[in-house]
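Down below is the structure, laid out as C-alpha cells.
The values are calculated or read from the model by the stated rules, or taken from the named source; none is laboratory data. Just so we're clear, the structure is a prediction, and the values are computed from it rather than from any experiment. Here the Cβ positions follow ideal geometry from the backbone for every residue, glycine too, while neighbour counts run over all protein chains shown. Quick note on the areas: whole protein, heavy atoms, side chains included, nothing else; ligands and nucleic acids left out. Shrake-Rupley method; radii C 1.70, N 1.55, O 1.52, S 1.80 Å.
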Amino acid sequence: MNTRISSHTLENMRKDAERMLGLRSPATDEEWWERMLSIVVELQERRAKECSHEHTN
C-alpha cells in the first residue's frame, strides 16, 4: 500500500522524531529515530522544492 502522507502528518512525525531523540534514553533506538527524522526532512524538502517549481512554471 502506498498512500500519500499529508504535510500535516509529516510535520507531526518530524516533531515526534525530534522529541524521541531529545529523550536521550537507553530505551530509545537513536539510530532508528535519526533515520526516521532524515526521511521525513528529506521528503518535506522535496515537496517544498516541487511546490516552488510548480509555482514558477
Only four residue types carry charge here, +1 at the Cβ of Lys and Arg and -1 at the Cβ of Asp and Glu. Report the dipole size of the chain about the Cα centre in Debye, rounded to the nearest 20.
140
Label-point separation (nm) for E54 and E18, each offset 7 Å from Cα along Cα-to-Cβ?
2.4
Summing -39500 (n - 2.57) over every DSSP H run of at least 4 residues in the chain and dividing by its residue count gives a helix-only mean residue ellipticity at 222 nm, to the nearest 500 deg cm²/dmol, of -27000 deg cm²/dmol
Treating the angle as unsigned and between 0 and 90°, give the value, to the nearest 10°, between the Cα long axis of helix 30-56 and the longest Cα principal axis of the chain.
10
At 1.4 Å probe size, what's the solvent-accessible area of E45? Round to the nearest 10 Å².
120
